Structures are given as C-alpha cells and as structure tokens.
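The values are calculated or read from the model by the stated rules, or taken from the named source; none is laboratory data. It should be emphasised that the depicted structure is a prediction, and the values quoted were computed from it without experimental measurement. Glycine also receives a Cβ, built like all others from the backbone with ideal geometry; neighbour counts cover every protein chain displayed. Side chains included, ligands, DNA and RNA excluded: accessible areas come from the protein's heavy atoms. Shrake-Rupley method; radii C 1.70, N 1.55, O 1.52, S 1.80 Å.
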Amino acid sequence: MLGIISAMSLEYHLLLQAMVMERVETIHGFEYYLGKMSGREVVIGNCGIGKSNAAIGTQLMLDHFHIDRLIHTGIAGSLSADVKCLALILAEQVTYHDVRPRQMINFYPHQASFASDPHLLAAAEQIAKARQLDYHRGLTVTGDDFIDSPEKKARILKDYPALAVDMESASVANAAYINAIPFLVIRSISDLADDPSGMTYREFEQKAADQAAQLVQELVAALEN
C-alpha cells in the first residue's frame, strides 16, 4: 500500500477528491483515509503541524497499515533567491536545521540527513519535466519555527545549503528511514520566508498545496506496482 502524509488538510484535499474512499480510521486523534487512487491502494494521513506530530503521525501510519512506499506532500518556505513562490521542491535530502549535525550522527539513527528514494525522485522529476513545471532538486530543512525574517533565513543558510524550509519533512523522513520505507518529499513554495511571508503565505498557501498535490496524484498514477 502507498502512504501519503501531510500536515494540514489543505495540503491533501485534492488527493481526497481523486480517491475512491473506502473508510476513515482515527488512531490516537490522527485521521487516515483509505481507498484507491488510479486503481492503487492508498492511505492518506493527516499528521498535524510540527516535528513531534509528524513523527508520531507517520509512525502510526507505518505501524497500522502495510505501507511499502511513502510520499510526503505539502508547502514550504523558500530559502533560495532562485526558488520562487509556487516552485516545486523535490527533496533529494532532508534534515533538521534545529538539531546539530554532530548530534544526529553520534546518536540514533546516526544520520546527518535522510535521502529520498531515487526511483520515486526520478519518477516525480520525469513528470515535472514533461509538464514543464518550475521545480528544483536539493536539500529541504525542518524545524519547529515558522521562518519569517531575513535573519532567520541567514542563520539556517549559514549551516545548510537548503532550498526550502518546513516544519515536518525531516520527521516524516526520519520515521520512514528507521522503518526502511522508501520515501519522497514533495513541497511547493508558499512564501519566501522573509518579513512579508505571513501575507505571502495566506495568498499562496492553497495554490502551492494544490500544485504539490497534483504532482503527487500524477506520480501515483505513473508508479509501477
């Protein structure tokens, strides 16, 4: 079964519309929607906002359903001048910007970052290229803070050559990694993580979320069993 997980309902509502719903299961307050999309069995999970929620919501999905591949979709802030609003980020690697790399390496699971599955990544890129979408491959970083100032951006970029920042991806990837589940992170840019990012976010959040979800929908249809 293919798992798809997002932090907020606005990030997966298009996917629910494309799904033949069979049932909804609520586990410790986390909702999981089960059914078929493009003839494939899928479960869509709502993990909530933040690193802890993302980790718990992902682990519950992996514990209760027979997930063999996992896609994380949603919105993010841009950390690069080359990455504009509504651009798609296909994360090659994800890590935490608020956890020291030495700590991640020295303690379980002894990983400085987590790599998206190359086959899922290549399939998503093929679709993005065919549709001539504005997309970028690279590093996405995660932390429990909404990045909304040049100073915060500069602190992150001092240590990480990241394209985008969010509050869940690394936790989803972390859970997938320790469970040996191939995963892919797809994010669409809702804001530029600067002073006016609150207004930009409100303007672009749904458009960005839908853009990422549409790519996920096409990816699901394209995947081989």
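A few notes on this one:
- Residue identified as aliphatic (A, V, I, L, M) and within 24 Å of L14 (Cα to Cα) among L133, L163: L133
- Number of residues in the range 18-33 that are open to solvent by 60 Å² or more (accessible area, probe 1.4 Å), under 19 Å from the mean Cα position of the chain (by Cα) and of a type outside the set (D, E, K, R): the value is 0.
- So A55, is it modelled with pLDDT of 95 or more, more than 15 Å from the chain's Cα centre (by Cα), of a type in the set (G, A, S) and not in a strand (DSSP E or B): no
- Number of positions in the range 113-138 that are part of a helix (DSSP H, G or I) and farther than 13 Å from L215 by Cβ: 3
- Check on I127, modelled with pLDDT of 95 or more, hydrophobic (A, V, I, L, M, F, W, C) and either open to solvent by less than 70 Å² (accessible area, probe 1.4 Å) or under 13 Å from the mean Cα position of the chain (by Cα) (or both): yes
Residue by residue, here is whether (1) open to solvent by 50 Å² or more (accessible area, probe 1.4 Å); (2) farther than 16 Å from V94 by Cβ holds:
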| residue | (1), (2) |
| --- | --- |
| E151 | yes, yes |
| Y160 | no, no |
| L163 | no, no |
| S169 | no, no |
| N174 | no, no |
| E203 | yes, yes |
| A208 | no, yes |
| V216 | no, yes |
| L219 | no, yes |
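- Any hit, the range 61-74, residues being of a type in the set (S, T, Y), closer than 21 Å to G138 by Cα and touching a residue at least 40 places away in the same chain (Cβ under 8 Å): yes
So that you can scan it fast, the table gives a plain yes or no per residue for (1) open to solvent by less than 50 Å² (accessible area, probe 1.4 Å); (2) charged (D, E, K, R); (3) part of a strand (DSSP E or B); (4) in contact with a Pro (Cβ under 8 Å, 6 or more places away or on another chain):
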site	(1), (2), (3), (4)
H66	no, no, no, no
V83	yes, no, no, no
A91	yes, no, yes, no
Q111	no, no, no, no
T140	yes, no, yes, no
A154	no, no, no, no
